[in-house]
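Colleague: Below is a structure I'd like to ask you about.
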There are 4 protein chains.
Amino acid sequence: MRLGMIGLGKMGGNMAARLREKGHEVVGYDVTSDQRDVDSLADLVARLEAPRVVWVMVPAGDPTARTVAELGELLGEGDLVVEGGNTHYVDDRTRAETLAAKGIGYLDVGVSGGVWGRQNGYGIMVGGDAGQVEQARPLFESLTPDEGGGFVHSGAVGAGHFVKMVHNGIEYGMMQSFAEGFELMAASGIVDDVPGTFESWREGTVVRSWLLDLLSRALEEDPELAELRGYAQDSGEGRWTVQAAVDHAVPAPAITAALFARFASRQDDSPAMKVVSALRNQFGGHAVTRSDEDNPSA
Amino acid sequence: MRLGMIGLGKMGGNMAARLREKGHEVVGYDVTSDQRDVDSLADLVARLEAPRVVWVMVPAGDPTARTVAELGELLGEGDLVVEGGNTHYVDDRTRAETLAAKGIGYLDVGVSGGVWGRQNGYGIMVGGDAGQVEQARPLFESLTPDEGGGFVHSGAVGAGHFVKMVHNGIEYGMMQSFAEGFELMAASGIVDDVPGTFESWREGTVVRSWLLDLLSRALEEDPELAELRGYAQDSGEGRWTVQAAVDHAVPAPAITAALFARFASRQDDSPAMKVVSALRNQFGGHAVTRSDEDNPSA
Amino acid sequence: MRLGMIGLGKMGGNMAARLREKGHEVVGYDVTSDQRDVDSLADLVARLEAPRVVWVMVPAGDPTARTVAELGELLGEGDLVVEGGNTHYVDDRTRAETLAAKGIGYLDVGVSGGVWGRQNGYGIMVGGDAGQVEQARPLFESLTPDEGGGFVHSGAVGAGHFVKMVHNGIEYGMMQSFAEGFELMAASGIVDDVPGTFESWREGTVVRSWLLDLLSRALEEDPELAELRGYAQDSGEGRWTVQAAVDHAVPAPAITAALFARFASRQDDSPAMKVVSALRNQFGGHAVTRSDEDNPSA
Amino acid sequence: MRLGMIGLGKMGGNMAARLREKGHEVVGYDVTSDQRDVDSLADLVARLEAPRVVWVMVPAGDPTARTVAELGELLGEGDLVVEGGNTHYVDDRTRAETLAAKGIGYLDVGVSGGVWGRQNGYGIMVGGDAGQVEQARPLFESLTPDEGGGFVHSGAVGAGHFVKMVHNGIEYGMMQSFAEGFELMAASGIVDDVPGTFESWREGTVVRSWLLDLLSRALEEDPELAELRGYAQDSGEGRWTVQAAVDHAVPAPAITAALFARFASRQDDSPAMKVVSALRNQFGGHAVTRSDEDNPSA
């Protein structure tokens, strides 16, 4: 089918390519990319025929909000916006209602698979109206893996981004688990071959997984990860998962631990640990480390 | 090759079967099983020819300790004990030294794969001397998956059980991550199809993994896990992982959270939360729940 | 000075009493209490002379929002609203701006001390304009402890409720710490006199604190807390503290652990632990506990 | 009464001074201190009359073990060793039994109060036989605060050090709670007066405590703790508390979080976070920070 794809970065660009390989006609637009087929959203809409399907794959937050708002001006009755970014699920309902007032459909879609999705297919999680899901189904079928699976219509508007958020929260916890295991093996002085151990776990074990495949791949390139800083960004979904857990009174200690470990990794110095150090000095006369001293254990 | 297998339970029995399918001659012994080929350890040793290989696959702790000690009396120079149970790695060195004094070899082997290993192959993690590893290599090759992988010689004596312990710690963290995600989706009121969401994640996503395959299988049988109590045992490796992390000053918050969640699941009532309740009552006059009242939120 | 006090419950009623003891004229109003001096907010406002000071001490959320909104209609230029409830700090700014448009002042005040405050004095944390703080200072001085201290003007509007929120977050962490210590001593089989141990800690030790005094008092009445359920409510500030920590990328693992422990205490059964149990059964053939079975460890 | 005091450092030296002020005759010995009254343990024992009381206040671990062993050679029937260091409770029983074989008594005593104890009195927690406790009671009464309290006989041998360990675990959790609160207030941009806020909490609030007094004192000297590194040591009891919790299947997430935060504070770079960074790069093409780059958020 013919569709518009807005956003041709690492995710949108690869998805457009995969859709074209599967025979769809993609009209691509991006603010900056020289891969774009049209020079404006208006051009893009003009190149499609009603009922139009436009997939939005731009950074979450303001860029997505602006794009969806602009599409609300350009599209009409029966057209469909598929919002595939990492949007906070709480923003979906308002967007859907605004568009619905003009007869425009809205699906919120979580997309997983990273840069490997073009080749392996993507995991696609959709929230919205069943009829609108049917309208876009040919796209979902082409984006998901060739061997089947990878698709769920998880609920009403918001449910696609909600389950993608939870997916990413789980991902945080899994990554943290592997990370703790790595550090413990490296610190133990007992394990001679840490990369080989991870590699061996890829078959036969309980922890076999795609993340383990990737970790093994990373360790093949840099067996001690010596070239990396222990510095981890977080991108929104982890925070939202913790906040949703708090909102719903769900204990989520492992996912939260993973998020806090990333926060701590980005601090040059921990204000909290200054307090602990100050208190130990106050009551016990324990030595403190002054800010102009090197880390004594380094 | 010919070997003795001591312990014919869920693990040892399946491993013996797999080894036989691959052409090995297994002389099996078990305290209770009617599958046993001999009636005593002495018989088993008598049925093997030097240099003998005896694989011990009995419950960790006392049963393993007694079996290895008895083998130390029965075996001789050049024979090899392969200890495949979930032994605490700190116990391996003494055992190896005791046996070495008599010229008997000792390999500590972590085995992963559960009841599926007979069919899929096992993950095998070995600690010990390289020459002894060669002696048992035909067994390792037959136990690991047909498609290759699944084997590591991770270090000296103790390293096999150490990495198996870490493997299980990681497994705790991964299971906890999926568990938190399940609970959050179920509590949210947003997700109409929780089992279908997990099923969809099996392809294309970042969290795809064998544990996810198993979770999806469990949800197919019981979509809300309504037939289960939220009650989780722990079997030693999780505790040892946390203790090793503490010993080596390695922060392991996600794995520890997983362990503590299991502890809490086994309490009918939380003594700690009685304290919190008592304190809230003391300072704020907040209502408490008496022990003869039903849980007010239930 | 003369003031209006809206809300005559455990907090407001005691505060009104303390203010009266210190010589202030309190005109009290409450939706239900028979202690009230007037029958409506309009009556209350009529009984005060400009510039009026009205202290709002009603439940956080809708009751507070409605009361402040109604006061916005009744008060005028130069009057002052002191909002002393457990309001989420993010709501203060809008309220202050709405009132400021009419020339009405607004202070957000966190009040700590619980039911003991009438006798011991309260901790008072104020956010807002310095001039308005002066306007209400006689009240703050009478509410804080006789021996001095207990007062801070912590910043602009919102800062009073923010630091009260953080205070309560810290309180969660402290209570959880004592709670874990209690449970560990009780479980150890080593400590013959748990209540006596807590009692002894009240003098000379590093952990001496008011919460410890209260815990010791509770244990005097019920040495094993046998009459209580391990069931702990949470009242908003703990959740907001965690959410603020997440918003500001501050690792807050101890406070979050305290919050999650309360969440877990209110569950009859843990959905998350059902997942762990189901997975253990899937891969290891481990026994599960059916929902119609008693807790096997109970 | 007359006693021997072995170890005249920050703790033992202050305790000896306090005991002397209360009228006891202290014969002091230390390996290095020029404050010592005798030059050897043998001299010290010779200066006491049977039944002798010797208080051991030397660093935990080997120094304490050696001292107690040597005293076992020098003392005799009816004498008493009071071991007041931060000994791991699991070591007490063996020591007591070894001494008991010679008729020598043994009390394990946890001492809290830090460098302030000389002036304020100490918290004293004793494990051992009731008769032996009576033998040393005059010392306990002089060491505890003048206003009473501060003493518990918590159980049989080992119970004194066990409850001191738990005390320190609770202390870890309380310090971490204050530390998280400090960091959150500092990061919020909302609180103008963080030191003043802590100072105000010292009266009237729920979190008032000695640790808060000390924190307020530290912030008076250095309002942003700018002169300190966020670097916190741990001294054994925190680790032992977590290990005891794991041994007894007691969830202790807040105390454990406090311990792990100290571990992390001592790392120049987090191996675990290298793994997270590597994985994010692998699946998402996310940028990594190379080890020769500065922390991008610094």
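Colleague: Tell me, what % of the accessible area of the protein assembly as shown is carbon and sulfur with a 1.4 angstrom probe? Each step should come with its number before you reach the end.
Modeller: Values: 18820 of 41660 Å².
Carbon-and-sulfur percentage of accessible area, whole number: 45.
Colleague: Right, next: Can you list residues from other chains, or at least 5 along the same chain, whose modelled amide H is less than 5 Å from the amide H of residue B:205?
Modeller: The answer is A:123.
Colleague: Related question: Rounded to the nearest Å, what's the spacing between the alpha carbon centres of segment D:16-84 and segment B:255-276? Just the number, please.
Modeller: 43
Colleague: Continuing with the same structure: Can you list the residues in segment A:158-175 whose accessible area drops by at least 30 Å² when all protein chains are present, compared with the chain alone? Use a 1.4 Å probe, heavy atoms only.
Modeller: By number: A:162, A:163, A:166, A:167, A:170, A:171, A:174, A:175.
Colleague: Taking amide H positions as placed in the peptide plane 1.01 Å from N, state which residues far from residue D:79 in sequence (5 or more) or on other chains have amide H under 5 Å from it.
Modeller: It is D:52, D:105, by chain and number.
Colleague: Let me ask something else about it. Which of the aspartates and glutamates could be linked to residue D:164 by a straight reach, that is with a Cα gap under 12 Å, when you skip same-chain ones fewer than 8 residues away?
Modeller: The reachable aspartates and glutamates, counting only those whose Cα sits under 12 Å from residue D:164, are D:108, D:237.
Colleague: Moving on. May I ask you to evaluate 6.51 cos²θ - 1.76 cosθ + 1.60, the Karplus curve with θ = phi - 60°, for each residue of segment A:111-120 and list the ³J(HN,Hα) values in order in whole Hz, giving x for glycine and proline?
Modeller: After applying 6.51 cos²θ - 1.76 cosθ + 1.60, I find 10, 10, x, x, 5, 8, x, 4, 7, 8 Hz.
Colleague: For chain D, just run the numbers: alpha carbon Rg, then divide by 2.2 N^0.38 Å, N being how many residues it has. Walk me through the intermediate numbers first.
Modeller: Working: Rg = 23.2 Å, N = 298, 2.2 N^0.38 = 19.2 Å.
Cα-based Rg divided by the globular estimate yields 1.21.
Colleague: Additional query: Roughly what would the spin-label model give for residue B:25 and residue A:47, points 7 Å off Cα along C-beta, in nm?
Modeller: If labels sit at residue B:25 and residue A:47, their model points lie 7.4 nm apart.
Colleague: Sort out for me the Cα centre separation of segment B:139-212 from segment C:105-157, rounded to whole Å.
Modeller: If you average the Cα positions of each part, the centres end up 53 Å apart.
Colleague: Let me ask something else about it. Going by amide H atoms built from the backbone, whose H comes under 5 Å of the H on residue C:153, apart from near neighbours?
Modeller: C:126
Colleague: If the reach is capped at under 15 angstrom between alpha carbons, list the aspartates and glutamates near residue D:274, excluding any in the same chain fewer than eight residues apart.
Modeller: A:180, A:183, A:220, A:221, A:222, A:224, A:227, A:234, D:292, D:293, D:294
Colleague: Hey, for residue C:292 with labels 7 Å out along Cα-Cβ, what do the inter-copy distances come to in nm, ordered shortest first?
Modeller: Once sorted, the set of distances for residue C:292 reads 3.0, 6.9, 7.5 nm.
Colleague: Rounded to the nearest 5, what % of DSSP beta bridges with both residues in segment C:1-142 are antiparallel? Display every interim value, and only then the final one.
Modeller: Numbers: 5 of 21 bridges.
If we restrict to bridges inside segment C:1-142, about 25 percent are antiparallel.
Colleague: For label points placed 7 Å from Cα toward Cβ, what is the shortest-first list of nm distances from residue D:25 to its copies?
Modeller: Label point to label point, same position, other copies: 7.4, 8.4, 10.9 nm.
Colleague: Using the Karplus curve 6.51 cos²θ - 1.76 cosθ + 1.60 with θ = phi - 60°, what ³J(HN,Hα) values do you get for each residue of segment A:209-223, in whole Hz, with x for Gly and Pro?
Modeller: Residue by residue, segment A:209-223 yields 5, 5, 4, 5, 4, 5, 5, 4, 4, 5, 6, 5, 6, 8, x Hz.
Colleague: Need the list of lysines near residue D:22 for cross-linking: C-alpha distance under 21 angstrom, and skip anything on the same chain fewer than eight residues off.
Modeller: The qualifying lysines are D:10.
Colleague: Rounding to the nearest 20 debye, state how big the charge dipole of chain A is about its Cα centre with +1 on each Lys and Arg Cβ and -1 on each Asp and Glu Cβ.
Modeller: Details: 25 positive and 44 negative charges, 113 e Å.
Result for chain A is approximately 540 debye, rounded to the nearest 20.
Colleague: Report the percentage of all Cα-Cα pairs in segment A:1-103 whose separation exceeds 18 Å, rounded to a whole percent.
Modeller: Values: 2231 of 5253 pairs.
Counting every Cα pair in segment A:1-103, those more than 18 Å apart make up 42 percent.
Colleague: Still on this structure, I have one more. Can you bin segment A:114-219 into rounded, prolate or oblate? Criterion: square roots of the alpha carbon gyration tensor eigenvalues sorted a ≥ b ≥ c, rounded for a/c under 1.5, prolate for a/b above b/c, oblate for the rest.
Modeller: Values: a/c = 3.95, a/b = 2.31, b/c = 1.71.
Judged from the Cα gyration tensor, segment A:114-219 comes out prolate (a/c at least 1.5, a/b above b/c).
Colleague: Let me ask another. By its C-alpha gyration tensor, with a ≥ b ≥ c as the square roots of the eigenvalues, how is the protein assembly as shown shaped: rounded for a/c under 1.5, else prolate for a/b larger than b/c, else oblate?
Modeller: Details: a/c = 1.99, a/b = 1.00, b/c = 1.99.
Verdict is oblate for the protein assembly as shown.
Colleague: Can you list the distances in nanometres, one decimal and ascending, from the residue B:134 label point to the identical position in each other copy, with the point 7 Å along Cα to Cβ?
Modeller: Here residue B:134 shows inter-copy label distances of 6.9, 7.2, 9.1 nm.
Colleague: Distance in whole Å from the D-onto-C rotation axis to the closest C-beta of chain D, together with the residue it belongs to, please.
Modeller: Chain D residue with minimal Cβ-axis distance: D:209, 2.
Colleague: Over all alpha-carbon pairs in segment C:184-272, figure out the percentage whose distance exceeds 22 Å. Walk me through the numbers before you get to the answer.
Modeller: Numbers: 1860 of 3916 pairs.
The calculated P(r) of segment C:184-272 puts 47 percent of pairs beyond 22 Å.
Colleague: I'd like to know which of D:143, D:75, D:105 lies farthest towards the positive end of the charge dipole of segment D:58-160, counting +1 on Cβ of Lys and Arg and -1 on Cβ of Asp and Glu.
Modeller: So the residue furthest toward the plus end is D:143.
Colleague: Also, quick follow-up: Describe numerically, in nm with one decimal, the distance between label points set 7 Å from Cα along Cα→Cβ at residue D:65 and at residue D:192.
Modeller: Placing both labels 7 Å beyond Cα along the Cβ direction yields 5.9 nm.
Colleague: If you don't mind, another one. Could you report the accessible area of residue C:116 in Å², rounded to 10, computed with a 1.4 Å probe on the protein chains as they sit in the structure?
Modeller: About 50 Å², ignoring ligands and nucleic acids.
Colleague: Also, I was wondering about something else. From the backbone phi of segment D:271-276, what are the Karplus-calculated ³J(HN,Hα) couplings (6.51 cos²θ - 1.76 cosθ + 1.60, θ = phi - 60°) in whole Hz, Gly and Pro given as x?
Modeller: Working through the residues one at a time gives x, 4, 6, 4, 5, 4 Hz.
Colleague: How many Å² of accessible area per residue for the protein assembly as shown, probe 1.4 Å? Intermediate values should be presented prior to the final figure.
Modeller: Details: 41660 Å² over 1192 residues.
Heavy-atom accessible area per residue stands at 35 Å².
Colleague: Let me ask something additional. Determine the total buried accessible area between chain C and chain B, counting protein heavy atoms only with a 1.4 Å probe; round to the nearest 100 Å².
Modeller: Numbers: alone 16610 and 16610 Å², together 27530 Å².
Between C and B, the summed buried area is about 5700 Å².
Colleague: Right, another one. What distance in nm lies between label points placed 7 Å from Cα along the C-beta direction at residue D:247 and residue C:269?
Modeller: Going from the residue D:247 label point to the residue C:269 one covers 3.5 nm.
Colleague: Work out the length of the dipole vector of segment B:59-179 about its Cα centre, built from +1 on the beta-carbon of each Lys and Arg and -1 on the beta-carbon of each Asp and Glu, and round it to the nearest 20 debye.
Modeller: Numbers: 7 positive and 16 negative charges, 48 e Å.
The dipole of segment B:59-179 has a size of about 240 debye.
Colleague: Run the dipole for the protein assembly as shown about the Cα centre, Lys and Arg Cβ at +1, Asp and Glu Cβ at -1, nothing else charged, and hand back the magnitude in debye, nearest 20.
Modeller: Details: 100 positive and 176 negative charges, 0 e Å.
Roughly 0 debye, rounded to the nearest 20.
Colleague: What FRET efficiency would be calculated for the residue pair residue D:226, residue B:286, taking the C-beta separation as r and a Förster radius of 45 Å, to the nearest 0.05? The partial results should precede the final answer.
Modeller: On the way: r = 40 Å, r/R0 = 0.88.
The pair residue D:226/residue B:286 has a calculated efficiency of 0.70.
The values are calculated or read from the model by the stated rules, or taken from the named source; none is laboratory data. Only a predicted model underlies this, so the values are computations on that prediction, with no experimental measurement involved. Neighbour counts run over all protein chains shown; Cβ positions are idealised from the backbone, glycine included. These accessible areas exclude ligands, DNA and RNA; they are computed on the full protein's heavy atoms, side chains included. Shrake-Rupley method; radii C 1.70, N 1.55, O 1.52, S 1.80 Å.
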